[in-house]
1. Rounded, prolate or oblate: which fits region 144-239, taking a ≥ b ≥ c as square roots of the Cα gyration tensor eigenvalues, rounded meaning a/c under 1.5, else prolate when a/b beats b/c?
2. Along the Cα→Cβ direction, 7 angstrom out, place labels at R36 and R231. What is the inter-label distance in nm?
3. Determine, for each peptide in 153-166, 237-250, 257-270, the mean count of other beta carbons within 10 angstrom over its residues, then list the peptides with the highest first.
4. Name the shape class, rounded, prolate or oblate, that the alpha-carbon gyration tensor gives for region 120-179, where a ≥ b ≥ c are the square roots of its eigenvalues, rounded holds for a/c under 1.5, and otherwise prolate holds if a/b is larger than b/c and oblate otherwise.
5. From the Cα gyration tensor of region 218-293, with a ≥ b ≥ c the square roots of its eigenvalues, which class applies: rounded if a/c is under 1.5, or else prolate if a/b is larger than b/c, or else oblate?
6. Going by Cα centres, region 184-237 and region 21-90 are how many Å apart?
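Here, each number is a calculation from the coordinates, and none is a lab measurement. Small disclaimer: the values here were computed from a predicted structure and weren't measured. No Cβ is skipped: glycine too gets one built from the backbone with ideal geometry, and neighbour counts run over all protein chains shown.
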Amino acid sequence: MPASLEPIPRYWLYGEPPTVPELRFVHVETIPERMRLHNWEVQPHRHDGLSHSLLVTRGGGRLTVDAEEWRFRAPALIAVPAQVVHGFRFDPDTDGSVLTMSEGFLASVLAAVHDAELRAALALPFAHDLAADAPETADLAAAFAAIAAEFRAHHLGRASAIAAQVTLTLVTTARLFAAQGRGEQGQSPDIRLLARLRHLIDERFRAHWPVDRYAAALGVTPGRLNAACRRVTGRSTLQLIHARLMLEAQRSLIYTGLGMAEIGYALGFEDPAYFSRFFTQRGGQSPQAFRRAHWEDRRHASSGGDPDRIELDPDGASLPN
């Protein structure tokens, strides 16, 4: 369905047609670079597979998520997980940085993180005002500046450096919430339920649990769970489960030399042919074609191609370009 005909518009970056995000995609831009093109307003929309982190250094505005509206004033830290329907209205001349990461890149960073509080730091959307003279504010400013510098410079070890700085932002975010006792306070019931579902999907997606089993584990009915998913993300519970399976399949195809049958078995598919059909229906190409396209893209990138594509393996180490 074209994005213009969907009840909730989908975009790549805001205003750009939707596409399947590269697993290793990272993008950095300033708030004015995009918002001046849209009169400082972002209508409610979602991104499939892309998460945002914003550091607002001047101005302010409001973030809308689900039925919630949060006002923010610089300095402020904002996070919007992938698939969550959100909108912005910025005050004119607001400034700051927008870090956009694919779920594959963020999952690779989180794979090296063992603290549950850090892994949960970006599980929920939030808009959090900071104290201008607080050490955490200076730490976040330094991390965002370092990410932007690495993104534009293309130095050796670029992916590892960006991953390290993203980890530091997670540490600072988790500490801010712990110090203020924020956690899930101020979040709508739908958003809190979705965060719990995401965690459970990460644990059980290989077991191919049906929706009713996820609902039972979360203590809600399947209808309640599905309604919350659709209100917050515009997608059904089953679509979110399948998206997690697709992410892991894509990572296996890119970062391992396993055959199609081996990858399928590792993801809980007993029939290799069914795994191939599942992947093709949702990815628009067969697993074999996806793997070939990735290696062609890597050869293109290594010869001076797309500068916005950053290689990262599942354990957080940069791959040679």
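1. prolate
2. Once both label points are built, they end up 3.9 nm from each other.
3. Numbers: 153-166: 17.3, 237-250: 19.4, 257-270: 15.6.
Order by mean packing, descending: 237-250, 153-166, 257-270.
4. prolate
5. Taking the square roots of the gyration eigenvalues as a ≥ b ≥ c, region 218-293 is prolate.
6. One Cα centre to the other: 23 Å.
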